[in-house]
């Protein structure tokens with residue numbers, strides 16, 4: 001489904017959440033967690049983002065891409081046939097995205113071996129995944145603001161446990177435009193029914 005802002009959003013079946021949690025258990029056994037974790041962090045949501053991104057590529061009939069699921073440390077999440085390396089970034093919220101919201105990465109991830117970041121948001125109380133769009137990594141870093149741990153990004157958000165780069169959601173190329181710009185044919189995408197059934 002397409003929002004008036006040009007973002008894609010899809011309902012998420014409970015079994016997809018379970019699949020993401022299982023992936024997170026395996027990855028944590030392999031690599032551990034370098035950050036302090038609060039119970040509310042629900043880091044498996046990042047894995048859910050990768051699952052949905054993979055489905056989005058498949059529904060767009062993208063050929064020759066690779067989802068890098070094993071030995072993931074220091075590697076991109078996806079690699080397209082044309083060589084584009086993608087890091088999928090996800091944040092969880094209780095409300096839908098707004099144009100004034102920010103997007104961010106941890107400073108530790110700023111030197112990842114990726115060419116593009118693709119940002120997503122999980123509205124977890126409604127089990128709705130939002131595909132917000134992509135941006136060239138260098139462009140993101142050149143236009144982002146750097147916040148050290150403990151600094152306030154806005155009155156409701158204080159950076160916790162690590163430094164971040166924060167940018168404006170408006171800088172993202174919308175999903176349909178982004179995927180077309182990656183030398184991929186622009187096709188009709190409506191995966192909501194399939195994701196309900198998966």
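Quick check on region 156-163. Is at least one of its residues over 15 Å from the mean Cα position of the chain (by Cα), modelled with pLDDT under 95 and part of a strand (DSSP E or B)? Taking every residue of region 156-163 in turn, at least one turns out to be over 15 Å from the mean Cα position of the chain (by Cα), modelled with pLDDT under 95 and part of a strand (DSSP E or B). Taken over region 122-151, residues that are more than 18 Å from the chain's Cα centre (by Cα), in contact (Cβ under 8 Å) with a residue 24 or more places away in the chain and assigned to a strand (DSSP E or B) amount to 1.
Considering only region 154-162, I want to know if a residue exists there that is under 13 Å from residue 88 (Cα atoms) and in contact (Cβ under 8 Å) with a residue 40 or more places away in the chain. Checking region 154-162: not a single residue is under 13 Å from residue 88 (Cα atoms) and in contact (Cβ under 8 Å) with a residue 40 or more places away in the chain.
If I filter region 30-44 for residues that are at pLDDT 85 or above, farther than 21 Å from residue 111 by Cα, surrounded by 15 or more Cβ atoms within 10 Å (Cβ to Cβ) and touching a helix residue (DSSP H, G or I) at 6+ places or on another chain (Cβ under 6 Å), do I get at least one hit? Within region 30-44, one or more residues are at pLDDT 85 or above, farther than 21 Å from residue 111 by Cα, surrounded by 15 or more Cβ atoms within 10 Å (Cβ to Cβ) and touching a helix residue (DSSP H, G or I) at 6+ places or on another chain (Cβ under 6 Å).
Scanning region 110-132 for residues that are surrounded by fewer than 23 Cβ atoms within 10 Å (Cβ to Cβ) and within 20 Å of residue 157 (Cα to Cα) yields a total of 3. Among residues that are in contact (Cβ under 8 Å) with a residue 60 or more places away in the chain and either assigned to a loop (DSSP other than H, G, I, E, B) or under 22 Å from residue 10 (Cβ atoms) (or both), residue 55 is included.
The values are calculated or read from the model by the stated rules, or taken from the named source; none is laboratory data. Bear in mind the structure is a predicted one, so any value in this text is a computation, not a measurement. Using ideal geometry, Cβ is built from the backbone for each residue, glycine included, and neighbour counts are taken over all protein chains shown.
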